1. Scan segment 26-37 residue by residue and report those that are free of Cβ contacts under 8 Å to residues at least 60 places away in the same chain, more than 23 Å from L148 (Cβ to Cβ) and surrounded by 15 or more Cβ atoms within 10 Å (Cβ to Cβ).
2. Tally time: how many residues in segment 97-120 are among the hydroxyl-bearing types (S, T, Y) and in contact with a helix residue (DSSP H, G or I) (Cβ under 7 Å, 6 or more places away or on another chain)?
3. I need the full set of residues from segment 121-147 which are among the aliphatic types (A, V, I, L, M) and out of contact with any helix residue (DSSP H, G or I) (no Cβ under 8 Å at 6 or more places or on another chain), in order please.
4. Which residues, counting only those in segment 98-117, are under 28 Å from E16 (Cβ atoms) and loosely packed, with under 13 Cβ neighbours inside 10 Å?
5. Within segment 118-142, track down each residue that is under 12 Å from G87 (Cα atoms) and of a type in the set (D, E).
6. Could you list, in sequence order, the residues of segment 38-65 that are touching a residue at least 40 places away in the same chain (Cβ under 8 Å) and either aromatic (F, W, Y) or in contact with a Phe, Trp or Tyr (Cβ under 6 Å, 6 or more places away or on another chain) (or both)?
7. Answer with yes or no whether G87 is more than 24 Å from I133 (Cβ to Cβ) and at pLDDT 95 or above.
8. Filter segment 128-160 for residues that are touching a residue at least 24 places away in the same chain (Cβ under 8 Å) and either in a loop (DSSP other than H, G, I, E, B) or surrounded by fewer than 16 Cβ atoms within 10 Å (Cβ to Cβ) (or both) and give the result.
Amino acid sequence: MPDSVPPVRYGTVSPEQTRAMSGVEFLQAVRDGRLPTAPICRALDFALIEADFGRVVFGGNPAEAHYNLMSQVHGGYIATLLDSCLGSAVQSVLPAGKGYTSLEVKVNFVRGLTQQTGSVRAEGKVLSAGSRIATADGRLTDAAGKLLAHGTTTCLIFDI
């Protein structure tokens, strides 16, 4: 993750705040610390680090606290990072007054993670965005760029 990360606030945002901004403006406000980030980010130690139109990146730090009984990072951690970057990529292309929800998420696990994996990066990019449905794909990589997992999502777009 970048060296100059602003202090992180965790919490939720009101529907009025969400409706007032485009998706990319909203995500950039979260990234810059002007709006709080989701509490799940604290629980799983990941953060929004890049937000552009159609592309979003989260950085995370797998730790022993994320392990399953097999001493590997639980697949739910990986799926959560991918779901976050995929859905946020879709959000980044939405105009003010629009929201989304995931209809489906598909994750392919390529390599196991441990705390020795070090920092990981989940990058999501929009493939297609219509007025009702959007799709995105994403990749989870380690610091050297090695692929750890990849996935896709289909999201429903609606008025908020």
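The values are calculated or read from the model by the stated rules, or taken from the named source; none is laboratory data. Please read these numbers as outputs of a predicted model, since none were measured by experiment. Reconstructed Cβ throughout: ideal geometry from the backbone, glycine too, with neighbour counts over all protein chains shown.
1. Hits for segment 26-37 are Q28, A29, V30, L35, P36.
2. Final tally of qualifying residues: 2.
3. Correct list: L127, I133, A143, A144, L147.
4. T101, L103, listed by residue number.
5. E123, D137
6. Result: F46, L48, F53, F58, G60.
7. Answer is no for this residue.
8. G130, S131, R132, I133, A143, K146, L147, L156, F158, D159, I160
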